[in-house]
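Visitor: Would you mind keeping the following structure in view while I ask a few things?
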Amino acid sequence: MAAVAERVFSGVQPTGNLHLGNYLGAIKRFVELQQSHDCIYCVVDLHAITVWQEPEELKRHTREVTAAFIACGIDPKKHIVFNQSQVSGHAELAWIFNCVARMGWLNRMTQFKEKAGKDRENVSVGLFAYPTLMAADILLYRATHVPVGEDQKQHLELTRDIAQKFNVDFAPSIAALGHTDGYFPLTEPLIAGPATRVMSLRDGSKKMSKSDASDFSRINLTDDADAIAGKVRRAKTDPEPLPSEEAGLKTRPEADNLVGIYAALSDITKEKVLTEFGGAQFSTFKAALVDLAVAKLGPIGGEMQRLMADTSAIDAILRDGAERARVIADATIRDVKDIVGMVR
């Protein structure tokens, strides 16, 4: 294969209520990767509509995710930030991948089973085919790395399967273009740090979620300092002091979650957190976590509010990013059409 430059791609769905889990599990990592990779960060509005979205809300949420990217430290001038629907190559490549992927592969996707539940006959075809669009998102830019949480690892494995099958199925025409060892890279996952799964502040066995009925289950990125402090203080705990070693967290999900959040916000290990706070009561630890969370997250919420007040500026960032993304995407689509045998 001709050398492929290291490139990171990732996307966030614009479905509202971005929270601490989104920040620690994804966006914080996106910011860090800017230092070492060329990065493309996408607001995946085509994925969002696999479940019906109110049109005005979809626009607002798309701009909100963009504002969060920038408020958290992503530089849209050095890297590419755009919304998926502005680059038609995502949909074009997704169709071609629908014809490469096998039904058996998609039937094994656990996320579809979870989201569809017992009412599979009534969910959209888009929800079923979501993973082939995700593969197209990544491979349209021939991305070598994708930062993913545990819940998306299976989709990335499917992306690699699709890339591999495409490379094998079309090997002669790929070679004719000068790619002797396949066209698409087998994209590698980049798994995040100590708080890849941030759990609910009300129930340590459930993932933090925007859909939880209780707003006290999550810290929203738009929360102000008072809201952040109140939610941390009211977070569920148990009566025992914090353990001095990480093994002591195994049967204590709420304690494990709060220690993991502190570790991720501080860029240290859980072990180091427990070296400092082992033996302490939760009242002492929560006071320190309040100070840390307000210091780290308070400015993000304030900057998001400022950015959201000027939607034309956000739209200009998305347009500029889409134009730059299109240059890369169009080159891939031209190659793929030649490889598949389409006249153009």
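Visitor: If P147 satisfies all but one of (1) in contact with a Leu (Cβ under 8 Å, 6 or more places away or on another chain); (2) under 15 Å from R102 (Cα atoms); (3) open to solvent by 10 Å² or more (accessible area, probe 1.4 Å), what's the number of the condition it fails?
Guide: (2)
Visitor: Could we say that T222 is in a loop (DSSP other than H, G, I, E, B) and among the β-branched types (V, I, T) here? Show your work before the answer.
Guide: Numbers: in a loop (DSSP other than H, G, I, E, B): yes; among the β-branched types (V, I, T): yes.
Here the answer is yes, as T222 does meet what is asked.
Visitor: Check every one of the helices (runs of 4 or more DSSP H) wholly within the range 251-311 and list those with 3 or more residues that are at pLDDT below 95, open to solvent by less than 50 Å² (accessible area, probe 1.4 Å) and among the acidic types (D, E). Show your work before the answer.
Guide: Numbers: elements: 253-266, 270-277, 282-308.
Those helices (runs of 4 or more DSSP H) do not exist here; none qualify.
Visitor: Hey, I191 hits all of (1) surrounded by fewer than 16 Cβ atoms within 10 Å (Cβ to Cβ); (2) more than 30 Å from H37 (Cα to Cα) but one; which does it fall short on?
Guide: (2)
Visitor: Just to check your reading of the model, which residue among K231, K250, K337 is free of Cβ contacts under 8 Å to residues at least 40 places away in the same chain, over 22 Å from the mean Cα position of the chain (by Cα) and closer than 30 Å to A135 by Cβ? Show your work before the answer.
Guide: Values: K231 fails: closer than 30 Å to A135 by Cβ; K250 fails: closer than 30 Å to A135 by Cβ.
Just one listed residue meets the conditions, K337.
Visitor: Please specify each residue of the range 211-250 satisfying the condition of being open to solvent by 20 Å² or more (accessible area, probe 1.4 Å) and polar (S, T, N, Q).
Guide: Within the range 211-250, S211, S214, T222, T237, S244 meet the criteria.
Visitor: Are any residues in the range 100-127 hydrophobic (A, V, I, L, M, F, W, C) and either within 25 Å of K337 (Cα to Cα) or more than 20 Å from the chain's Cα centre (by Cα) (or both), and if so, which ones? Even if it seems obvious, please write down each step before you answer.
Guide: Taking the range 100-127 as the starting set, the residues that turn out to be hydrophobic (A, V, I, L, M, F, W, C) are 100-101, 103, 105-106, 109, 112, 116, 123, 125, 127.
Listed by number, the residues that qualify are V100, A101, M103, W105, L106, A116, V123, V125.
Visitor: Against the definition (open to solvent by less than 40 Å² (accessible area, probe 1.4 Å) and touching a helix residue (DSSP H, G or I) at 6+ places or on another chain (Cβ under 8 Å)), how does L139 come out, yes or no? Lay out the reasoning, then the answer.
Guide: Numbers: open to solvent by less than 40 Å² (accessible area, probe 1.4 Å): yes; touching a helix residue (DSSP H, G or I) at 6+ places or on another chain (Cβ under 8 Å): yes.
So L139 fits the description; yes.
The values are calculated or read from the model by the stated rules, or taken from the named source; none is laboratory data. Just so you know, these numbers come straight off a predicted model, no measurement behind them. Cβ atoms come from the backbone with ideal geometry, glycine included; neighbour counts cover every protein chain shown. The area values use the complete protein model at the heavy-atom level, side chains included, leaving out ligands, DNA and RNA. Shrake-Rupley method; radii C 1.70, N 1.55, O 1.52, S 1.80 Å.
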